[in-house]
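Okay, so here's the structure we're looking at.
The values are calculated or read from the model by the stated rules, or taken from the named source; none is laboratory data. Note that this is a predicted model, so its numbers are computed, not measured. Cβ atoms come from the backbone with ideal geometry, glycine included; neighbour counts cover every protein chain shown.
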Amino acid sequence: MHLPHRLVTALALSLCLAQGAAAQTLPAPESVEIGKLGLMSTFPPVDSQRVDLSNSYKYPQLRWTMQHLRELVPTHNIRRGGAPVSALPLNLKPIGSFAFDDDKGNKTTIDTWFKSSYGDAIVVLHKGRIVYERYDNQMTPSTPHLMFSMTKSFTGLMAAQLAHDGKIDPNAQVTQYVPELAGSAWGDMKVREVMDMTGAVRFREVYTDPSTEIFGYSWASGLLPRPAGYQGKTNIYDFLKTLQKEGEHGAGFVYRTVHSEVLGWIVSRATGKHWADLMSENLWQKLGMEEDAYVMVDSVGTPLQGAGLNASARDLARFGEMLRRGGEFNGQRIFDKAVLDDTFVKGGDREKFKAGGMPFRPGYSYRNQWWMLHNADGAYEASGIHGQMIHINPAAEMVVVKLASHPVAGAGFTHAMTLKAWAALAQAVQQ
């Protein structure tokens with residue numbers, strides 16, 4: 001099957017660099033800033049500056065897309081409501097100049113790392129106060145930014161809380177909640193196997209091969225424009241029904257975005273509410289967020305519960321601080337501490353995690369759609385392609401939100417350096 005070049009977008013092209021990026025020459029970050037390129041800056045934008053569905057995931061147009069997704073695709077708003085904005089006190093420190101050894105053994109600084117990793121925004125909290133904050137590439141404190149797979153971690157915690165409340169049974173079959181999946185890979189899968197991504201489903205994410213299922217998902221959801229003559233599914237839930245079992249459920253962890261979409265479907269069935277409305281009622285309004293968030297939806301209004309959330313850096317910092325504080329923030333209990341302990345303290349099965357083929361995450365586990373480092377500080381994180389991170393270090397009493405638009409999507413290319421930066425930040429905030 002031959003596709004026009006425009007369809008092999010950055011979501012396809014840059015993701016494949018995760019396995020071969022060492023041979024790539026990346027552009028200087030300052031050379032691909034939105035302002036320097038003039039993307040969408042004239043009225044109307046000229047062809048060289050235009051970003052639309054034909055090029056929105058190519059690079060460097062992706063840098064604009066990450067901050068303007070709702071101008072390209074349908075979305076569902078996540079309202080912050082009318083409650084007062086919760087405070088994030090400032091206690092700024094010269095953390096940007098903090099020096100540390102990078103992954104090559106050379107001296108660098110936090111500011112240099114942020115810039116060289118194509119950072120758009122970073123907010124670092126220590127004991128609930130902002131100690132370091134920076135915005136580049138036309139990003140501002142109020143700008144929503146696409147989070148990609150960090151979305152999964154919100155879906156996972158909502159499901160875990162519902163399980164704690166007795167509204168979802170993790171040991172039940174998926175079909176108890178979504179009988180439409182009886183003929184699919186999820187027909188004999190348990191909910192817990194969806195939550196921890198240990199269910200066996202044939203879903204290949206080979207971003208250079210349009211015959212693999214990641215392309216079908218992207219076309220069905222609207223994440224990629226469909227090729228001429230496309231006859232496939234046109235929404236996420238219809239696409240999920242086509243996926244079949246491959247292997248043994250529960251045998252090992254394999255990262256598959258479609259599990260998050262199934263989990264979101266279960267959450268909505270258990271509550272009778274749209275995912276975005278649950279996010280508004282249970283998180284955005286209670287946390288006293290500063291800005292509305294939003295999520296991309298498909299042709300029938302289904303949110304991309306594994307990839308479509310957009311939010312501001314400060315609001316994500318509020319969410320992270322709530323987790324660091326054991327589920328309480330802004331005078332309200334958001335998650336039961338038992339839910340967070342089960343996720344972040346207990347964590348997932350580290351032996352099963354090894355099956356996922358992620359040697360750049362040594363010692364990690366995965367539970368309820370979160371990554372646990374199992375290091376001495378008890379750190380855990382949410383992660384999305386192109387450099388999206390919420391990193392929480394309980395021992396250092398630190399929360400880091402980093403949003404980026406890196407040319408290379410996969411975390412394998414940048415993760416060794418990211419771990420060095422996390423350790424440096426933990427040292428810097430405690431000085």
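Quick look at the numbers
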{"quantity": "Enumeration of residues in region 297-309 that are in a strand (DSSP E or B) and surrounded by fewer than 24 Cβ atoms within 10 Å (Cβ to Cβ)", "calculated": "Val297"}
{"quantity": "Residue in region 21-32 that is loosely packed, with under 13 Cβ neighbours inside 10 Å, outside any loop (DSSP other than H, G, I, E, B) and either at pLDDT 95 or above or basic (Lys, Arg) (or both) present", "calculated": "yes"}
{"quantity": "Condition check for Gln244: in contact (Cβ under 8 Å) with a residue 40 or more places away in the chain, assigned to a helix (DSSP H, G or I) and surrounded by fewer than 24 Cβ atoms within 10 Å (Cβ to Cβ)", "calculated": "no"}
{"quantity": "Residue within region 206-218 that is β-branched (Val, Ile, Thr) and either touching a Cys at 6+ places or on another chain (Cβ under 6 Å) or under 30 Å from Thr140 (Cβ atoms) (or both) present", "calculated": "yes"}
{"quantity": "Total residues in region 69-86, condition free of Cβ contacts under 8 Å to residues at least 60 places away in the same chain and either within 30 Å of Gln332 (Cα to Cα) or buried (at least 19 other Cβ atoms within 10 Å of the Cβ) (or both)", "calculated": "1"}
{"quantity": "Neighbours by Cβ (under 7 Å, 6+ apart or cross-chain): first from region 405-431, over 20 Å from His145 (Cα atoms); second small (Gly, Ala, Ser) and at pLDDT below 95", "calculated": "Gly412/Ala18; Phe413/Ala18; Phe413/Ala21"}
{"quantity": "Residue match in region 370-377 (condition: of a type in the set (Asp, Glu), more than 19 Å from the chain's Cα centre (by Cα), closer than 24 Å to Ile168 by Cα and surrounded by fewer than 19 Cβ atoms within 10 Å (Cβ to Cβ))", "calculated": "no"}
{"quantity": "Within region 87-132, tally of residues that are under 21 Å from Phe329 (Cβ atoms) and among the charged types (D, E, K, R)", "calculated": "2"}
{"quantity": "Test for Arg192: is it out of contact with any helix residue (DSSP H, G or I) (no Cβ under 8 Å at 6 or more places or on another chain) and of a type in the set (Lys, Arg)", "calculated": "yes"}
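Conditions (1) outside the structural domain of Ser56 (by TED's automatic domain parsing); (2) at positive phi; (3) surrounded by fewer than 24 Cβ atoms within 10 Å (Cβ to Cβ), marked per residue:
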| position | (1), (2), (3) |
| --- | --- |
| Asp101 | yes, no, yes |
| Gly105 | yes, yes, yes |
| Thr112 | yes, no, yes |
| Lys115 | yes, no, yes |
| Gly119 | yes, no, yes |
| Ile122 | yes, no, no |
| Lys127 | yes, yes, yes |
| Tyr135 | yes, no, yes |
| Ser153 | yes, no, no |
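Each row is one residue, and each column tells you yes or no for (1) surrounded by 18 or more Cβ atoms within 10 Å (Cβ to Cβ); (2) within 12 Å of Met195 (Cα to Cα); (3) in contact with a Phe, Trp or Tyr (Cβ under 7 Å, 6 or more places away or on another chain).
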residue: Phe215; (1), (2), (3): yes, no, no
residue: Pro227; (1), (2), (3): no, no, no
residue: Gln231; (1), (2), (3): no, no, no
residue: Asn235; (1), (2), (3): no, no, no
residue: His259; (1), (2), (3): yes, yes, no
residue: Val262; (1), (2), (3): yes, yes, yes
residue: Arg269; (1), (2), (3): no, no, yes
residue: Lys273; (1), (2), (3): no, no, no
